[in-house]
Amino acid sequence: MTTTSAPTEPPVQRPVRRIGDRVFSGGARIAGILILIVLAGVGAFLVVESLPAITASPEDVPGEGGLAAYIAPLIFGTLLSALIALLVATPLAVAIALFITFYAPRRIAQPLGYVVDLLAAIPSIVYGFWGIAWLAPQMVPFYEWLEENLGFIPLFAGPVSTTGRTMLTAGLVLAIMILPIISALAREVFGQTPALHREAALALGATRWEMIRMAVLPYGRSGVIGGAMLGLGRALGETMAIALVLSVSGGITFNLISSGNPSTIAANIALEFPESSGLDVNTLIASGLALFLITLLVNTLARWIVNRRADFSGAN
Amino acid sequence: MAKRIDVSDLNIYYGNFRAVEGVTVSIEPRSVTALIGPSGCGKSTFLRSLNRMHEVLPGARVEGKVVMDGQDLYGADVDPVDVRRQIGMVFQRPNPFPTMSIYDNVAAGLRLNNKKMKKSELDDLVERSLRGANLWNEVKDRLDRPGSGLSGGQQQRLCIARAIAVEPDVLLMDEPCSALDPISTLAIEDLMTELKDKYTIVIVTHNMQQAARVSEQTGFFNLNGVGQPGRLIEFNPTEKIFSNPDERATEDYISGRFG
């Protein structure tokens, strides 16, 4: 456009947009807004419904020690079981993903990938049954060994649960449940490592493991963290498996192999809700709000970790 | 440093497909050898077989002999990893590790070969390599920044610095300038002229002027048709190839009558 001295408004130019383009962008926008509305709705429900429990006097809350005393062990149990699951599942999932992408012969790699993915399709209650009926009894001798030899570590102080329904068993069941999520994402990002960078490492005289360390793992780092956070999200919210496996009694303890364990938020809601009414329900919902906030925090943290070294991500 | 390579009766396969057939050639030390020819004629495949990068692809294999100063690179007891430590490679597209800083990129190969190197020693080698690649002055103030933030030409020189940091005997370059602008290309060509005092350099190029400018010897690859294996048609001093080639096909190619 040439500059004109006349003070008249320049004609408004609308970019030409096709109808399909407008429909699609409108549809995408609605979908985006919808998810925000749903999320806000859930958040608002949790806040409103938990207000009576938050403002109630401590004696009225179940346990009669106040809301904080009621929820604290639940938060602790939730975080501890999820942490165990994450610590066990992440290295295992990364190893599985590396094996499938780089080491397994192609004939084996694909079926193996399917089998791991299949783990995700098993309903969580089945995991719960498996945990209580098979895994827990199998673990008892191992726990006894732990107590005998590593009992000086508070984690394994005992006394050993005779049923094996301990925090560690619950964490292991959770680990198997979140394994497919993490390994699927890790497999995806490892497979996408550009051949360019893999060859750069090999041409420098890297062995396959060195190539993986130089080119594949750093490249897949954010993907693995993302997968781990998705897995953590599932572990934090897992209900049925924990409700079945974990033998609940007592409060906060780091003892992983005894029968006195704090419950988790989700399992506690599932177990208590049918018997609850009035303020008890509000209390349970308040614990749900706490879980909601924890999950939000965890995701924010993960995003921060991923972004911290964005310059080096290879995306630029 | 700077070893000669003797290739005899080399056949290169991808699975059952014979990509390159019957190559016999001697590559002189301390010189630049250029490989030219139309796309798909097997010159890159041949180049990659010299440092055993070819066999990275599943099903790829080689028949024949590649001997570097008396050492058979395809001998039964030879580890391809060792071969690649002696024969460096620069690729068509600049490929610095995106997750590493400029410094770490150059140090990557050194750290593979020698885990326990003193920091000061490593600093010296990184500086020397970057100077060797004519990049030091441009990056010395930002060695801790990602290598992927450099321009294409700088990235390619970073890759050259990374390759020469481990002091290989031979440097293979697979169309190192095809993704670069003319100024960066010139910088790389000047660099090759400097590097050939110390290294044996083999370069694949589509740019015939480039072959004429930088190389002492030139090999012309060609193939009879699609699905046929590529062959080394002619190997002669560069001057002869570009003025008075022995083969008709070579003359046709360099004068642009086909391909």
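The values are calculated or read from the model by the stated rules, or taken from the named source; none is laboratory data. None of these values were measured; they are calculated from a predicted model. Cβ: placed from backbone, ideal geometry, glycine included. Neighbour counts: every protein chain shown.
Overview of values
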quantity	calculated
Of all residues making up the range B:62-107, the number that are within 12 Å of another protein chain (Cβ to nearest Cβ), part of a loop (DSSP other than H, G, I, E, B) and among the aliphatic types (A, V, I, L, M)	1
Residue under evaluation residue A:187, criteria (1) among the charged types (D, E, K, R); (2) part of a helix (DSSP H, G or I); (3) farther than 17 Å from residue A:223 by Cα, criterion not met	(3)
Test: residue in the range B:59-68 that is at pLDDT below 90 and not hydrophobic (A, V, I, L, M, F, W, C)	yes
In the range A:268-306, the residues that are surrounded by 13 or more Cβ atoms within 10 Å (Cβ to Cβ) and not in a helix (DSSP H, G or I)	A:276
Matching residues in the range B:34-43 - criterion: being in contact with a strand residue (DSSP E or B) (Cβ under 8 Å, 6 or more places away or on another chain) and surrounded by fewer than 23 Cβ atoms within 10 Å (Cβ to Cβ)	B:38, B:40
Every residue from the range B:134-166 that is surrounded by 19 or more Cβ atoms within 10 Å (Cβ to Cβ), of a type outside the set (A, V, I, L, M, F, W, C) and within 14 Å of chain A (Cβ to nearest Cβ)	B:146, B:147, B:148, B:155, B:156, B:162
Inter-residue pairs, beta-carbon under 7 Å, first acidic (Asp, Glu) and in the range A:253-277, second buried (at least 21 other Cβ atoms within 10 Å of the Cβ), 6+ apart	A:272/A:284
Criterion (over 25 Å from the mean Cα position of the chain (by Cα) and among the hydrophobic types (A, V, I, L, M, F, W, C)) met by exactly one of A:97, A:121, A:157	A:157
Among the residues listed as A:206, A:200, the single one being of a type in the set (Gly, Ala, Ser), within 14 Å of chain B (Cβ to nearest Cβ) and touching a Pro at 6+ places or on another chain (Cβ under 8 Å)	A:200
Every residue from the range A:160-193 that is touching a residue at least 40 places away in the same chain (Cβ under 8 Å) and within 14 Å of chain B (Cβ to nearest Cβ)	A:190
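Yes/no per residue for (1) surrounded by fewer than 18 Cβ atoms within 10 Å (Cβ to Cβ); (2) over 26 Å from residue A:242 (Cα atoms); (3) in contact with a helix residue (DSSP H, G or I) (Cβ under 8 Å, 6 or more places away or on another chain):
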residue: A:97; (1), (2), (3): no, yes, yes
residue: A:101; (1), (2), (3): no, yes, yes
residue: A:112; (1), (2), (3): yes, yes, yes
residue: A:119; (1), (2), (3): yes, no, yes
residue: A:125; (1), (2), (3): yes, no, yes
residue: A:130; (1), (2), (3): yes, no, yes
residue: A:136; (1), (2), (3): no, no, yes
residue: A:143; (1), (2), (3): no, no, yes
residue: A:152; (1), (2), (3): yes, yes, no
